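Step one of this worksheet: look at the structure below.
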Amino acid sequence: MRDAIADWFFFDDAERALVADALAWLAHAAPAQESALGGNLARLGALAGVIRDSAPIATSWQQMRGRSDPGEALVDLLCRVPEYDFDLHIPTKAVLGQSYLVAKINFLKAVGYALAAADAPSALRGRAEHELGQSIYSKMVEELFVTLVTNPTHEHALKARAAGLLFRIWDERLLSEADDVAPLLEAAWQARNRVRPVLGTMLGAHEIFRLFQEARDDRFLDYYTGGEAVPDDEMAAFEEFLFGLSHEHIGALRGHLAEHHLSAVSPADALRILGANHDLWSPEITGPQAIYTHYRRRRRDATVRALTGARGPKKTAEEYVLAASLLRDGRS
């Protein structure tokens, strides 16, 4: 096992320790699962090796295009490409890296499933969920940078800064995680994962208080609650993040409270009023995967509103905060 661990160059220290401990537990409790995970791990390592051996993005871009300023040329290209046409314009190393990250997420999911089925200690299962969360949040951060780069409403300076950070993610794929490039977002997602919306008066006081209790970095929350005026669309995006509901559903619940002269609504009432099922919304669905699914749903809804001119936030809360943070850092 010690020799195998030394070959896991694609894991950081915490991931390496988790996988070693998980495989050691499963070797006794569920040998078939341990063997299957070993095969998946070997394939993950092979993909990581391809990425490790790939040339830096600037070098490969220069060789392909023959440009003397490859970094600047690629930044300019990415800032002009719409999101729906993005994938066929990015370097091969970036594509391989995105596939590797999904494969790593699936591997860590499989570790968690195997540990749960084998009734492993809760501390070990908790470590598996934490490492899975780090990889899922890394994927979310990358998607946010792509959104910043391709959104035509953002100024060029912001798009160029986001593109530069994308290059860093792509070139340092095996070493970079969400907290390396956007620690305020990872802290917000981790806190949100530990908070269950209670809805109540639909003002969000309980949820905000709980988020401040759980967050290890308050910058995301301070952006919306720090006392400075925040545009209505941005506050609406924050409410979606807070309650786990769409802007339209939040409006429907507030309308129900007003129409029926009620002071509060429970999660169970919300499910009944909205006719929603657990696939659409439930405060009981938790974990990093749920945070990712919720983010993707909010991003889809924001895109639809931007295209149709419908009322409500045109970006996610995370995009508003990340854009402001990058612009501030770029001007400091």
Confirm whether S54 is among the polar types (S, T, N, Q), outside any helix (DSSP H, G or I) and either in contact with an Asp or Glu (Cβ under 7 Å, 6 or more places away or on another chain) or at pLDDT 85 or above (or both).
yes
When segment 173-199 is checked residue by residue, the ones that are in contact with a helix residue (DSSP H, G or I) (Cβ under 6 Å, 6 or more places away or on another chain), surrounded by fewer than 18 Cβ atoms within 10 Å (Cβ to Cβ) and within 19 Å of H247 (Cα to Cα) are V198
Tell me whether segment 230-251 contains one or more residues that are under 17 Å from the mean Cα position of the chain (by Cα), surrounded by fewer than 16 Cβ atoms within 10 Å (Cβ to Cβ), closer than 19 Å to L185 by Cβ and not assigned by TED's automatic domain parsing to the domain that holds N151.
no
Residues that are basic (K, R) and modelled with pLDDT under 85, drawn from segment 197-234
R216
Looking only at segment 61-72, decide whether some residue is over 25 Å from H294 (Cα atoms) and modelled with pLDDT of 95 or more.
no
Go through segment 189-212 and report how many residues are closer than 22 Å to S135 by Cα and not β-branched (V, I, T).
7
Number of positions in segment 195-243 that are farther than 26 Å from E259 by Cβ and among the small types (G, A, S):
4
I'd like to verify a number: residues in segment 73-112 that are at pLDDT below 85 and among the small types (G, A, S), how many?
1
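The values are calculated or read from the model by the stated rules, or taken from the named source; none is laboratory data. Remember, predicted model here, so these are calculated numbers, not experimental data. Glycine also receives a Cβ, built like all others from the backbone with ideal geometry; neighbour counts cover every protein chain displayed.
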